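What follows is one structure encoded as structure tokens, with my remarks underneath.
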Number of protein chains: 4
Amino acid sequence: MKIADDFQKQISRLDNCLAEQWQRLLDSSLLVKAIREGNISRPLYMIYMLETYHYTSHNARNQALVGTRSSVSPVYSKFCLQHASEEVGHEKMALHDIASMGFRGNEGSIPPPLPETETLIAYLYWISLTGNPLQRMGYSYWAENAYQYINPLILGVKNALNLNDQQLTFFVAHGTIDTEHFAEIKTILERTCKTEEDWASVRRVMQTSLSLTGKMLDAVYREYRAFEDGLSEHYDVLNELSAA
Amino acid sequence: MKIADDFQKQISRLDNCLAEQWQRLLDSSLLVKAIREGNISRPLYMIYMLETYHYTSHNARNQALVGTRSSVSPVYSKFCLQHASEEVGHEKMALHDIASMGFRGNEGSIPPPLPETETLIAYLYWISLTGNPLQRMGYSYWAENAYQYINPLILGVKNALNLNDQQLTFFVAHGTIDTEHFAEIKTILERTCKTEEDWASVRRVMQTSLSLTGKMLDAVYREYRAFEDGLSEHYDVLNELSAA
Amino acid sequence: MKIADDFQKQISRLDNCLAEQWQRLLDSSLLVKAIREGNISRPLYMIYMLETYHYTSHNARNQALVGTRSSVSPVYSKFCLQHASEEVGHEKMALHDIASMGFRGNEGSIPPPLPETETLIAYLYWISLTGNPLQRMGYSYWAENAYQYINPLILGVKNALNLNDQQLTFFVAHGTIDTEHFAEIKTILERTCKTEEDWASVRRVMQTSLSLTGKMLDAVYREYRAFEDGLSEHYDVLNELSAA
Amino acid sequence: MKIADDFQKQISRLDNCLAEQWQRLLDSSLLVKAIREGNISRPLYMIYMLETYHYTSHNARNQALVGTRSSVSPVYSKFCLQHASEEVGHEKMALHDIASMGFRGNEGSIPPPLPETETLIAYLYWISLTGNPLQRMGYSYWAENAYQYINPLILGVKNALNLNDQQLTFFVAHGTIDTEHFAEIKTILERTCKTEEDWASVRRVMQTSLSLTGKMLDAVYREYRAFEDGLSEHYDVLNELSAA
């Protein structure tokens, strides 16, 4: 009873932190503002999906690495490896979606990640390989539960760019998988987090990884604006890689 | 047609190498000789299972690490992570089995691995983390297909020590899981091995990992004999850790 | 001649990027503004040095890891390992300096790094372990050449807090070592960077690691202000760890 | 006084173990027997040096990795990185020496290591990355102090094959460096090994790594005999790679 109460309190604390952080992120994001105002074009979506491709291509790996650490319990190790196996190759969906919109690049020709995306990737490996192994669930906690916050934005993009569901497989498929994963994450949090330090680690990684993702979104918008102005060193290649 | 032929030829080559190597191993092993002659006692089985516990506790980890390498295909990565998730915690069965025979140690109190066991463990990490990522299937190929060779020995131990199936969960459970895994390994070999170099890597790791396992079995017997003579520095603790 | 010209051009490009980035960083930093206006107190210096302690304690390690990568040339590997060996333990100087000002904590009791500091640490491991191995010199290039930019600030802190040189060993000792290291870095850049991709990797890491350091400085100031207001969850421990 | 006594006792124990193990190794080695009887030819020396090239090319790396572990003291970390930096590239000397005897291969064309050599390499990484970080000194302890045991053999090879010192740079240069290194290792053992567990780890790694080296020497001789009989799959390439 006591422990169940504690669990609910810790979950509420995560949820409250998250609601507040998302609110700030959405309110201050120029990318979100542009989407809400309909000021977007296909290159914006392509740039966003290419950065999404990059960090997503590492998620199964860093998730699995947690499960290989010598200090983790069998129940948590099994969760990490199983969960990772289900995420393998999901980055391909991001490429598929923009290919349907005229992107002609492939895995060999796409630009490297923006510095903000690379920083997010670096951070996710770091917190997977060091510190409290439970802390990576802080990333999953928001990432597999983000649809309430980002669905309105996806709908905005879909309408503005006149996309159909076959051009949004990354979000549609992930939405379904993630609902199931999120329930599993809560179960595993309940089974594995025992101390206040465990919960604090999960909270810290949740907040930092969402914050770094916010910075990645800012960078996506910055590069999009630069691209529109013909000034993006990073994404000028998009002109070659996109069909008219 | 051509490729299917090639696949069958490569599998036959693996099987022939393996049959010959097992034959040599079984013929020269003093441990096997002792089992065949009924010259065994409970400490022998305990020592064997403790070393088995050690290397088994690393198998899910090094299998998963293969799946995190940047150069692997999604299909092989998914196989590695899925397969690894199914092996998590199997080493507990080894401890369970010897506990049923009077072993009183736990994960904190058991002796460290013998040098030969540690060498096997080191090798499995090495070939998982470096070289051709497909090569670790060479280990799975024999390890998940070993029951034809070792079942007679397990039966010999069972009879000599008057054990029941509940005291042999490691072998009974593994036998079932491994039959399924072995079929999967053949499927994945067919889907992933494309070049002669791929097959040669698989063969090399198959032979070397079985050879190192043979050396581990020799070490088990050497320590058992030393223990019986009161001369095993490594396993004298077994007297304390075993009920009369 | 041609190559020497190219080298000078690449160095000039690094220097110009750097001058511009430092200018922006210094102009927009609230921490710098506070120092310039003399609005600082001992806790600010302690917080800054504790975060410096954290990232510095990883620098020899991530530098050495570059030298262990299988793809590096002997000359670069030797440089990395030698350079790393000279940086070992330098983080102790940061603790020494704040101990001289009344800090009573030790390595076991100091607060964990702020998220921005942990992000910098994560990034430095990531670019040391993946990508073009030469790119880590982009970090060294600015970090061992920062004194022209930060010496006026250190002097400001020194005067405002009435510190002597024995309380600034981290900066005084590093200043000397780094001058020599910086000359070595230029030599090694000249010997190892052969392609435009090499130089671009060095530039990207230079810019990103300096940018992440700027974010760390912002976080230091944010926590200092929160501490002054009695609102720093992270650094409230400073009250206990400091002598009156 | 007491501690100095203990140190001398532990060193004597290492030396006694080592003397006994070398005696057994030298007495049972067919390679040693062949050298003592003058039954050797250039391919034997080439095969030996190629395997030496392989494991030597990893020694600076695995030595440096010890120094990057988070649990090591600054004094030991500095030793590891410094020591490693001095070993970088030494494997080139092995290639140089056999090139002087007509070997025409380069780093890209030489055969992969024999399984026994790969096992030694795997073990050295494993004990460098896991377990007691001090234990790797067990390898250095014998490897940098081996000349008393192997100098007579090198002399035998030199005379039998009519080699001069310029064709034996690997051994001549290493002999000089290692004498200095060995003195440093004793100093560091004295400064770092505090507990019986520390010394036991050093002893275990000393014995296991020398034992695996013995197995590598056996494999060198086995392949040499196979090569002489035209039956070495691994080293038949030596016919192409050697001048007449």
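Out of segment B:201-244, which GluC sites (Glu not before Pro) are coil in DSSP terms and have no more than 12 other C-beta atoms within 10 Å?
B:233
For residue D:164, place a label point 7 Å from Cα along the Cα-to-Cβ direction in every copy; what are the distances to the other copies, in nm, shortest first?
Nearest first, the other copies' label points are 6.4, 8.1, 8.2 nm away.
I need the shape label for segment C:139-178. Rule: rounded when a/c is under 1.5, else prolate if a/b > b/c, else oblate, with a, b, c from the alpha carbon gyration tensor.
Oblate shape, in that a/c is at least 1.5 and b/c is the bigger or equal ratio.
Scan chain D for the residue whose Cβ is closest to the axis carrying it onto chain B, then write down that distance in whole angstrom.
Taking the axis that maps D onto B, the answer comes out as D:122, 2.
Residue A:242's amide H: which non-local residues (gap 5+, or another chain) put their own amide H closer than 5 Å, with H modeled 1.01 Å from N in plane and none for Pro or chain starts?
Residues meeting the amide H criterion: A:104.
Using alpha-carbon positions, what is the distance between the centroids of segment D:14-54 and segment C:95-145, in Å?
Comparing the Cα centres of segment D:14-54 and segment C:95-145, I get a distance of 47 Å.
Ignoring everything except DSSP H segments at least 4 long, calculate the 222 nm mean residue ellipticity for chain D; use -39,500 (n - 2.57) per segment, divide by total residues, nearest 500. Let's see the in-between values first.
Working: 11 runs with 182 residues, N = 244.
It lands at -25000 deg cm²/dmol.
In segment D:112-159, how does Rg compare with the Kirkwood Rh, expressed as the Rg/Rh ratio over alpha carbon atoms?
1.11
Which three semi-axes in whole Å describe the equivalent ellipsoid of segment B:130-244, each the square root of 5 times a Cα gyration tensor eigenvalue, listed largest first? Walk me through the intermediate numbers first.
Details: eigenvalues 233, 74, 23 Å².
Output for segment B:130-244: semi-axes of 34, 19, 11 Å.
I need to check one value: relative contact order of chain D, counting alpha carbon pairs closer than 8 Å and at least 6 residues apart, in percent.
31 percent
Quick check: with the 1.4 Å probe, what order do B:41, C:140 take by accessible area, largest first?
B:41, C:140
Rounded, prolate or oblate, given the Cα gyration tensor of segment D:1-85, with a/c below 1.5 counting as rounded?
In terms of gyration-tensor shape, oblate.
Determine one quarter of the surface area of the Cα convex hull of segment D:90-183, which equals its mean projected area, and express it in nm² to one decimal. List each step's numbers first, then the result.
Details: hull surface 29.3 nm².
The number I arrive at for segment D:90-183 is 7.3 nm².
Could you pull the copy-to-copy label distances for residue B:13, with points set 7 Å along Cα to Cβ, in nm to one decimal and sorted shortest first?
4.8, 5.0, 6.0
Largest first, how would D:56, A:130, B:176, A:195 line up by accessible area (1.4 Å probe)?
Most to least solvent-accessible, the answer reads B:176, A:195, A:130, D:56.
Measuring from the lowest to the highest alpha carbon on each principal axis, how far does segment B:194-244 reach, largest first, in angstroms?
55, 19, 14
Between residue C:69 and the same site in the other copies, what are the distances in nm, shortest first, taking label points 7 Å from Cα along the C-beta direction?
Result for residue C:69, in nm, nearest copy first: 1.8, 2.4, 2.4.
Would you mind working out the accessible area per residue for the protein assembly as shown, using a 1.4 Å probe, and quoting it in Å²?
42 Å²
Could you compute Rg(Cα) / (2.2 N^0.38 Å) for segment D:1-160, with N its residue count? Can you show the working numbers first?
On the way: Rg = 17.8 Å, N = 160, 2.2 N^0.38 = 15.1 Å.
Ratio of Rg to 2.2 N^0.38 Å for segment D:1-160: 1.18.
Residue C:186: which lysines have alpha carbons under 28 Å from its alpha carbon, excluding same-chain residues fewer than 8 sequence positions away?
C:2, C:9, C:78, C:92, C:194, C:215, D:78, D:92
Could you list the trypsin sites (Lys or Arg not before Pro) in segment C:177-244 that lie in coil according to DSSP, counting only those with at most 15 other Cβ atoms within 10 Å of their Cβ?
Sparse-neighbourhood loop trypsin sites (Lys or Arg not before Pro): C:194.
Sorted by accessible area (1.4 Å probe), largest first, how do C:197, A:116 line up?
Sorted descending by solvent-accessible area, the residues read C:197, A:116.
log10 I(q)/I(0), Debye, Cα-only the protein assembly as shown, no solvent, q = 0.04, 0.07, 0.08 Å⁻¹?
At q = 0.04, 0.07, 0.08 Å⁻¹ the computed log10 ratios are -0.22, -0.69, -0.92.
In chain B, which whole DSSP H runs stretch at least 15 Å along their own axis (Cα) and average -1.0 or higher on the Kyte-Doolittle scale?
Values: long enough: B:2-28 (39 Å, -0.79); B:42-67 (38 Å, -0.43); B:74-87 (20 Å, -0.50); B:115-129 (21 Å, 0.53); B:147-161 (21 Å, 0.49); B:169-192 (33 Å, 0.03); B:196-228 (48 Å, -0.55).
Span-like helices, by this rule, are B:2-28, B:42-67, B:74-87, B:115-129, B:147-161, B:169-192, B:196-228.
Percent of accessible area on the protein assembly as shown owned by carbon and sulfur, 1.4 Å probe?
The nonpolar share, carbon plus sulfur, comes to 52 percent.
The values are calculated or read from the model by the stated rules, or taken from the named source; none is laboratory data. Since the model is a prediction, treat every value here as computed from it, not as a measurement. As a convention, Cβ positions derive from the backbone with ideal geometry for all residues, glycine included, and neighbour counts pool all protein chains shown. Note: areas computed on protein heavy atoms with side chains; ligands, DNA, RNA excluded. Shrake-Rupley method; radii C 1.70, N 1.55, O 1.52, S 1.80 Å.
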